[in-house]
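Read the structure below first, then the notes.
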Amino acid sequence: QIQRALSLDPDHPKALALSASAAMERGDTQEALRQWQHLHRLLPPESQTAARVASTIAQISAAAAPAPQQVGPEAITGRVTLAGKLPRTPAANETVFIYARAAEGPRIPLAVMKGRAGDLPLGFALDDSLAMRPDHRLSGAGQVIVEARISQSGRAQPMEGDLIGTSAPVKPGARDLAIVIDGAVGPRPTQPASASR
């Protein structure tokens, strides 16, 4: 009955709440998170219901967090989440890129990892083992910026419509960063036409 209600109206609040609760009962944490997050995006941000749903999401996310992994002293760790309101709703199978790049200089990633939008909220640990080039590593940087991007195309190159979140500059070794995907990649500026003589 719940699935029938959602097939008729995917944004039905009561059906989403019941579906999320049912997913938790059968041990499908990721599906429960997806449903609660969907419901949260539909609610008025300042409402008591939105606050209760946000608290439920936080509790489930904390319980589902993976055990800490062994990482080097240069590792940057944290968690990527989705903002309550986004320019578009990402599909579960869209690719999430999480990467660190130098705060100044070349934008080539120093460390990069991938995930799926359906797995958000998603913990991450970026270290030298995830370097794209042996001569371009996190441990050699002064300050870096960590970005998380949901790619519609699955390509590493940013495209218009991709969803993105960015950290402030941090030093290698920073722990427990909170990256919130809350914006979108805009269209690339076009080259101005040459002025006619």
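Of the conditions (1) open to solvent by less than 30 Å² (accessible area, probe 1.4 Å); (2) over 15 Å from ALA83 (Cβ atoms); (3) out of contact with any Ser or Thr (no Cβ under 8 Å at 6 or more places or on another chain); (4) β-branched (Val, Ile, Thr), ILE60 satisfies every one except a single condition; which number is it?
Among (1) open to solvent by less than 30 Å² (accessible area, probe 1.4 Å); (2) over 15 Å from ALA83 (Cβ atoms); (3) out of contact with any Ser or Thr (no Cβ under 8 Å at 6 or more places or on another chain); (4) β-branched (Val, Ile, Thr), ILE60 violates only (3).
Answer yes or no: is there a residue in the stretch 112-125 that is open to solvent by 20 Å² or more (accessible area, probe 1.4 Å) and in contact with an Asp or Glu (Cβ under 6 Å, 6 or more places away or on another chain).
No, the stretch 112-125 has no match at all.
Within the stretch 78-92, count every residue that is touching a strand residue (DSSP E or B) at 6+ places or on another chain (Cβ under 6 Å), over 14 Å from VAL146 (Cβ atoms) and open to solvent by 50 Å² or more (accessible area, probe 1.4 Å).
Total meeting the criteria: 1.
Among the candidates ALA23, ALA75, ALA63, ALA15, single out the residue that is closer than 16 Å to ASP119 by Cβ, more than 16 Å from the chain's Cα centre (by Cα) and modelled with pLDDT of 85 or more.
ALA23
Collect the residues in the stretch 142-166 that are within 21 Å of GLY72 (Cα to Cα) and open to solvent by 20 Å² or more (accessible area, probe 1.4 Å), keeping them in residue-number order.
GLY142, GLN143, ILE145
The values are calculated or read from the model by the stated rules, or taken from the named source; none is laboratory data. Please read all numbers here as calculations on a predicted model, not as lab measurements. Positions of Cβ are generated from backbone atoms using ideal geometry, with glycine treated the same way; all protein chains shown enter the neighbour counts. Heavy atoms of the whole protein, side chains included, go into the accessibility calculation; ligands, DNA and RNA do not. Shrake-Rupley method; radii C 1.70, N 1.55, O 1.52, S 1.80 Å.
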